[in-house]
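Read through the structure below, which is laid out as structure tokens, and then see the notes.
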Amino acid sequence: MKSLVRVASGQGFWGDWLEAPRRQVEGGEIDYLMLDYLAEVTMSILQKQKERDPRMGYARDFVGAIESVLPALVERGVKVIANAGGVNPRACADALLALTDARGVRGKLVLGVVTGDDLLPHLDELLAAGHGLSNMDTGEPLSVVRDRVLSANAYIGSEPIVEALARGANVVITGRSTDTALTMAPLRHEFGWGAHDWDKLAAGIIAGHIIECGAQASGGNCLKDWETVPDLWNVGYPIIDARPDGTFEVCKHPGTGGRIDVPTVTEQLVYEMGDPHAYITPDVVADFTSIHLEESGTNRVRVFGITGKPATDKLKVSIAYRACFKAVGTLVYVWPDALAKAQAADAVLRRRLDMLGLTFDTIVTEYVGVNATHGPLAGDRHDAPEVQLRVGVRGPDRAMVERFTRELIPMVLNGPPSVTGFAAGRPKVEEIVAYWPALVDKGVVQPKVEVLR
Amino acid sequence: MKVRLLDLAHARSGDKGDTANVGVIALRPEWYPLLTRELTVERVRAHFRGVISGDVERFELPNLRAINFLLHGALDGGGTLSLKTDAQGKVFSTAMLRMVLDIAADEVKALSLPVAS
């Protein structure tokens, strides 16, 4: 058994820095490259793409990422674990096999493809068998939106990834695995942690939580002393140096920018936190109040003392459904009295929407530069050089939302003065695909692992 | 004496559906007990009145010298539904740090708290 395993984060979301994966494999020795591509809304976008083209539905950035790290994979044995498969892990694998053909390294990549998280084909079966899939937040039964469901995926844990690694995969592609399992699974595989080693599994999950958002743990988006975080242009993404006993250190490659200390790691630990006593995953319930941090070197934080409790018998299910339509538009009002003009414009616009009989579920007006993000907490309203009026509407009737987009821009000539910033033209109407969180019994989800060469 | 929370703590926020979480972290370990005393659910609820529509939950993490707050009904439905600029609650962190605390002069002195000018 190895005494040290290094897992490097190379992507914190679909849209993250394209340079990061290559920099992680070239900056020093690592064992695993972990790439997290999936957010709650990503699955529904991928499902729409797959409907248009059955060869799509995965994170296409991933193919470029693998191409950029191919020498390290082939020559140095670095392994990759990614949830880039989205709603079509098999198509993602096919794209990688095509890449290996094109680059003359066919057979050098052993792909582990994890499926079984996709519940869409079984949805009616599940409902008929009494699995309500009610909304965890509102309690409503899924039947309310059943005919508008686009995708339904169970969050699956580390086990199928561990199986893929045990069967010799050096690139593991999953669909809706939990973000944290992508880091915990290789530790479990290398150190032989059992399915009931709750404290160690929890440590692996917390290591995953720390690096799943990429550089957000190594000085990116860090509030404390932000102005002194060095060389963010050259930021080093975080790496976990893990030990068999469940302790680990967070660090980054030498010569990179950013910062890893107790404050940067703590900020990432509290990100998107719910009840810290019970961070629920398919593998274990981790206790964030057990985490201890100490600086063990420059840009190096030791994490220890973590405890966990047995996993629950449920899995979370992420369901996406067509909800309604929205459009958001902006205009910029300029000194003098920029805010007063923007407020007058909002009043004119709302009166016109009213006059036309347009109704919406919501209209949201914000004044960017004044109170868009902090609302009434923003305090004094000085005479700003410019204020961006930002108005959004949402409703079930696409035509009404469309008509709203034609009401905003005329304001440039027929509303309050000193207005600009309309070059982008009418706002676009977007269909909202909303997210429906639910729980399902673990037993009904059967993850599958295929190994392809 | 007036003390800005911004000078006592740093913070990060994120989203879960229509709920924003704000983790408030003491800048110095010796300031953590004061934060746990001052940052009550009632205080935070009053601070965010008119900003959030739901209730506030509070969890202490003494191991990290942090307090985690859940602000329900903060994000106009959250996720893709939200029409807000900050649909994912990314800057509720600094909205929290706008809070100003009233601290007795001897405690300000004993804990070397930075006083708002």
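Only a single criterion out of (1) under 30 Å from A:ARG148 (Cβ atoms); (2) within 8 Å of chain B (Cβ to nearest Cβ); (3) not basic (Lys, Arg) is not satisfied by A:SER318, namely (2).
Looking at (1) closer than 30 Å to A:THR138 by Cα; (2) out of contact with any Leu (no Cβ under 7 Å at 6 or more places or on another chain); (3) away from every other protein chain (no Cβ under 14 Å), which is the one condition that is false for A:MET400? (2) is the only condition that A:MET400 fails. Scanning region A:106-142 for residues that are in contact with a Leu (Cβ under 7 Å, 6 or more places away or on another chain) and either among the hydroxyl-bearing types (Ser, Thr, Tyr) or surrounded by fewer than 15 Cβ atoms within 10 Å (Cβ to Cβ) (or both), we see that the one that is nearest to B:GLY17 (Cα to Cα) is A:MET136. Screening region A:249-302 for residues that are within 7 Å of chain B (Cβ to nearest Cβ), among the aliphatic types (A, V, I, L, M) and assigned to a loop (DSSP other than H, G, I, E, B) and picking the one that is farthest from A:TRP226 (Cα to Cα) gives A:ILE291. Look at (1) within 19 Å of A:TYR271 (Cβ to Cβ); (2) within 16 Å of the chain's Cα centre (by Cα); (3) not charged (D, E, K, R) and you find that B:ALA87 fails only one, number (2). When you check A:GLY220 against the structure, is it closer than 30 Å to A:LEU120 by Cβ, within 13 Å of chain B (Cβ to nearest Cβ) and either in a loop (DSSP other than H, G, I, E, B) or in contact with a strand residue (DSSP E or B) (Cβ under 7 Å, 6 or more places away or on another chain) (or both), yes or no? No.
Whether any residue in region A:305-317 is surrounded by fewer than 19 Cβ atoms within 10 Å (Cβ to Cβ), in a loop (DSSP other than H, G, I, E, B) and of a type in the set (D, E, K, R) is what I want to check. Looking for residues that are surrounded by fewer than 19 Cβ atoms within 10 Å (Cβ to Cβ), in a loop (DSSP other than H, G, I, E, B) and of a type in the set (D, E, K, R), one finds at least one in region A:305-317, hence yes.
Looking only at region A:230-248, how many residues end up being part of a loop (DSSP other than H, G, I, E, B), crowded, with 23+ Cβ neighbours inside 10 Å and not small (Gly, Ala, Ser)?
Let us first name the residues in region A:230-248 that are part of a loop (DSSP other than H, G, I, E, B), namely A:230-231, A:236-238, A:243-247.
Checking which are crowded, with 23+ Cβ neighbours inside 10 Å leaves us with A:236-238, A:246.
Filter once more, so that each one left must be not small (Gly, Ala, Ser): A:237-238.
Residues in region A:230-248 being part of a loop (DSSP other than H, G, I, E, B), crowded, with 23+ Cβ neighbours inside 10 Å and not small (Gly, Ala, Ser): 2 in total.
Quick check on A:GLY168: is it of a type outside the set (Lys, Arg), surrounded by fewer than 19 Cβ atoms within 10 Å (Cβ to Cβ), at pLDDT 95 or above and out of contact with any helix residue (DSSP H, G or I) (no Cβ under 9 Å at 6 or more places or on another chain)? So A:GLY168 fits the description; yes. Condition first: closer than 22 Å to B:PRO29 by Cβ, touching a residue at least 12 places away in the same chain (Cβ under 8 Å) and touching a Leu at 6+ places or on another chain (Cβ under 8 Å). Can you find one or more residues in region B:52-59 that meet it? Taking every residue of region B:52-59 in turn, at least one turns out to be closer than 22 Å to B:PRO29 by Cβ, touching a residue at least 12 places away in the same chain (Cβ under 8 Å) and touching a Leu at 6+ places or on another chain (Cβ under 8 Å).
Looking at the structure I just gave you, is A:ALA344 out of contact with any Cys (no Cβ under 8 Å at 6 or more places or on another chain), at pLDDT 95 or above and either in a helix (DSSP H, G or I) or not β-branched (Val, Ile, Thr) (or both)? Here the answer is yes, as A:ALA344 does meet what is asked.
Being at pLDDT below 95, under 23 Å from the mean Cα position of the chain (by Cα) and within 11 Å of another protein chain (Cβ to nearest Cβ) is the requirement here; does A:ALA323 meet it? Step through it out loud before you land on a result.
Details: at pLDDT below 95: yes; under 23 Å from the mean Cα position of the chain (by Cα): yes; within 11 Å of another protein chain (Cβ to nearest Cβ): yes.
Yes, satisfied.
Pull up region A:275-287, narrow it to residues that are of a type outside the set (D, E, K, R) and touching an Asp or Glu at 6+ places or on another chain (Cβ under 9 Å), then point me to the one that is surrounded by the most Cβ atoms within 10 Å (Cβ to Cβ). Filtering region A:275-287 for residues that are of a type outside the set (D, E, K, R) and touching an Asp or Glu at 6+ places or on another chain (Cβ under 9 Å), the one surrounded by the most Cβ atoms within 10 Å (Cβ to Cβ) comes out as A:VAL284. Those helices (runs of 4 or more DSSP H) of region B:1-115 in which 1 or more residues are surrounded by fewer than 22 Cβ atoms within 10 Å (Cβ to Cβ), of a type in the set (S, T, N, Q) and within 11 Å of chain A (Cβ to nearest Cβ) occupy B:92-96.
Taking region B:67-84, which residues are modelled with pLDDT of 95 or more and β-branched (Val, Ile, Thr)? If the condition is that a residue be modelled with pLDDT of 95 or more and β-branched (Val, Ile, Thr), then B:ILE67 is the only one that fits.
Does region A:326-335 include one or more residues that are assigned to a strand (DSSP E or B), under 36 Å from the mean Cα position of the chain (by Cα), within 14 Å of chain B (Cβ to nearest Cβ) and of a type in the set (D, E, K, R)?
yes
The values are calculated or read from the model by the stated rules, or taken from the named source; none is laboratory data. Everything numeric here is computed off the predicted structure, so don't read it as measured data. Please note: Cβ atoms are built from the backbone with ideal geometry, for glycine as well, and neighbour counts cover all protein chains shown.
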